[in-house]
């Protein structure tokens, strides 16, 4: 994975999206890790990104726009936000940095792990199987239905109290949807991958739709990528974004280099 909205108030929407992002991205913690692809193969991606979200039955909606950068050799997922407020989010290990004017404003824990993101899996051509086999999941059944190949996967035995099963639907070797289940069988999230684009031998969905079931709420989120560039020659700074550090508020998470 990796890793949001159309709110009535852009600023209010921003904070809603941050919360929603954390909820969504926690699902990626079971995805596969893989080695960097070097040489002439795909190793970095740059794209314009728009994230919209809405809570069903409420007026809450939000919009975030910016540019994403990811390089498998560096391993940091960068979201250079242009709207609603200019700042940069750097996801590294299990931490998120927020940077404004090249200065680190905050450091906090994050569930988004860059090497488990859709961008990483796409660059490494692992999105089709969602990296489940490499992460310890076991296929328990497979069937075909209206042209779709539907497979069900169970988590490792040691993790079954915390992680539920997952169902994948694929067509012509492209992942079309994923359903995540709670250990008690309740659906936690549905994710749909649409409008695949193949460029520089990388096949990537340019639209990802999420339906997230959060207690008594149902959230919709769409993420759209456009102007995708593989092996972009933008300086490494944009893929690393090392900030100038300042004194952070008491209790902030320790940053990791």
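The values are calculated or read from the model by the stated rules, or taken from the named source; none is laboratory data. Note that this is a predicted model, so its numbers are computed, not measured. Cβ atoms come from the backbone with ideal geometry, glycine included; neighbour counts cover every protein chain shown.
Could you tell me whether residue 53 is closer than 21 Å to residue 181 by Cα and either touching a helix residue (DSSP H, G or I) at 6+ places or on another chain (Cβ under 6 Å) or crowded, with 17+ Cβ neighbours inside 10 Å (or both)?
No, not satisfied.
Go through (1) in a strand (DSSP E or B); (2) within 25 Å of residue 43 (Cβ to Cβ); (3) at pLDDT below 95 for residue 213 and report which single condition fails.
Condition not satisfied by residue 213: (2).
Is it the case that residue 42 is touching a strand residue (DSSP E or B) at 6+ places or on another chain (Cβ under 7 Å), in a loop (DSSP other than H, G, I, E, B) and closer than 23 Å to residue 198 by Cα?
Answer is yes for this residue.
Filter region 68-88 for residues that are assigned to a strand (DSSP E or B) and closer than 16 Å to residue 118 by Cβ and give the result.
Hits for region 68-88 are 68, 69, 70, 71, 77, 78, 79.
Answer yes or no as to whether residue 123 is over 16 Å from residue 245 (Cβ atoms), in contact with a helix residue (DSSP H, G or I) (Cβ under 7 Å, 6 or more places away or on another chain) and surrounded by 17 or more Cβ atoms within 10 Å (Cβ to Cβ).
No; evaluated as a whole, the condition is false for this residue.
Looking only at region 218-243, which residues are part of a strand (DSSP E or B) and touching a strand residue (DSSP E or B) at 6+ places or on another chain (Cβ under 6 Å)?
219, 220, 221, 222, 223, 224, 225, 226, 227, 228, 229, 230
Conditions (1) more than 18 Å from the chain's Cα centre (by Cα); (2) closer than 29 Å to residue 216 by Cα; (3) at pLDDT 95 or above, marked per residue:
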| residue | (1), (2), (3) |
| --- | --- |
| 141 | yes, no, yes |
| 145 | yes, no, no |
| 150 | yes, yes, yes |
| 161 | yes, yes, no |
| 165 | yes, yes, yes |
| 173 | yes, no, no |
| 179 | no, yes, yes |
| 185 | yes, yes, no |
| 197 | no, no, yes |
